[in-house]
Every structure is written in structure tokens, then in C-alpha cells.
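The values are calculated or read from the model by the stated rules, or taken from the named source; none is laboratory data. Bear in mind the structure is a predicted one, so any value in this text is a computation, not a measurement. A quick note on method: Cβ atoms are made from the backbone with ideal geometry, for glycine too, and the neighbour counts reach across all protein chains shown. Accessible surface areas use protein heavy atoms only, side chains included; no ligands, DNA or RNA. Shrake-Rupley method; radii C 1.70, N 1.55, O 1.52, S 1.80 Å.
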Amino acid sequence: MDETLRRLDELITERGLKREDIFDVGTLAAQTALPDAVVRRLLKGRKPTPDTVVERVCARMKVVSAAHLARSGKRMSELAADIHRVLNISDVWARSVCEGKRMPNVALLHHLAAYFGVEDGERYFTAPADEALNRVLLPTLRQLEVPEADALTLLLRQYGVESAHLRQDGSMTRQQIERVLKGVLRSVLPQEGESGK
């Protein structure tokens, strides 16, 4: 984590960026299911307060469940009933786990990670705070280290296009533009093994 922060700070300075644009506490807290205060503390280079795996899992399960309820517009009773139906556990137990009052066993934690669609599976819930934050900062670091690693730019370079200005008026998504360009480029360029005649 320390090395990731050090490198990010270097790149922010090199590129003339604002630290608060890269380190949005609210976004990082949502991505890690950590409290804002913990994220702020870690971003300042301070160590997280000691906790246990049980405390981590219960706290993060509560945050993930609350976020799911906010997105879906469901009530806790509906979430518990759905988990009961999908994972075949009692709705009382499901509710207790989702409210952060009970620790699920390893098998249930695995299934809950899949149910909620969290990155890193059960590790999302069990990783220490600094590891959890590091996990979500690494993609940002990679993007800043190699800003041209954008899929469309890489595709164009793969076919020898060094520069292109693509106007995106909103009628096509970036992924759709990539597919169209890939098809066009493949149709006009010789394929591997062809003589190019």
C-alpha cells in the first residue's frame, strides 16, 4: 500500500493532477466497503486501526447490503427473503448476516460474495483495510503509468494507426466504436500468413 501511494503521488505531481481527483474518498470507500474515515487515514499514510476478520466481514457485509438496498430500492426483508431463496438459508440468518450482526461461515461468505458480485470474492470481505484500498488503487496506478493503455488506442496502434480523432456524439458507445473499427481494419488489412497481394 505504501509503495502504491508513493508511486501515485509521484505520477500526480508529474502530470500536474489534483490529488483529490484521484483519491475521491467517497468513491474509494464505496469500492472497498470501508468507512470514509478509514480511507482518509490510509491515504495519509497512517496504519489502519487493528481489527479482527469477524469485525471486517460483519462491517463490510453491512455496507455491501446497504448499498445493494439503495441501488435496488428493496427493503431488508426482501433482500433476506431473496438470499433465503437463492442460498437456501433461513431469512432470519440472512438478515442477521446482511445487517452485520452475524459472521457467515466460509461457504456462505463465498456464496454471498457471488450473490453481491463483489470483486475478489470472499477476500473482499476479509482483507485488511490497507490491502482492500490497495486493491482498488492499483488499476488507477496502472492507468496513470500507461495512460495510453486505453483499449481503443491499443487497437488502433495494433493496426498501425498512430493518430486518430474520433468524435463521439453519444450515438455509439466506445465499445461499439472499437468493434466497428476492428471489423473495418480486419477487412482491409492482410491477415497473418497472407502475402498482402
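Side notes on the structure shown:
- Summing Lys and Arg as +1 and Asp and Glu as -1 over all other residues whose Cβ lies under 12 Å from the Cβ of Cys58 gives a net charge of +2.
- Accessible-area composition of the range 1-113, carbon plus sulfur, in percent [1.4 Å probe]: 54
- Among the GluC sites (Glu not before Pro) found in the range 72-126, those both in a DSSP coil and sparsely packed, with 13 or fewer other Cβ atoms within 10 Å of their Cβ, are Glu119.
- Of the trypsin sites (Lys or Arg not before Pro) found in the range 1-59, the ones in coil according to DSSP and having at most 13 other Cβ atoms within 10 Å of their Cβ are Lys18, Lys44, Arg46.
- Measuring with a 1.4 angstrom probe and ignoring ligands and nucleic acids, Ser90 comes out at about 60 Å² accessible.
- 19 Å tail of the calculated P(r), the range 1-57, as % of Cα pairs: 35
- Ligands, DNA and RNA are left out, and with a 1.4 angstrom probe the accessible area of the range 1-137 is 56 Å² per residue.
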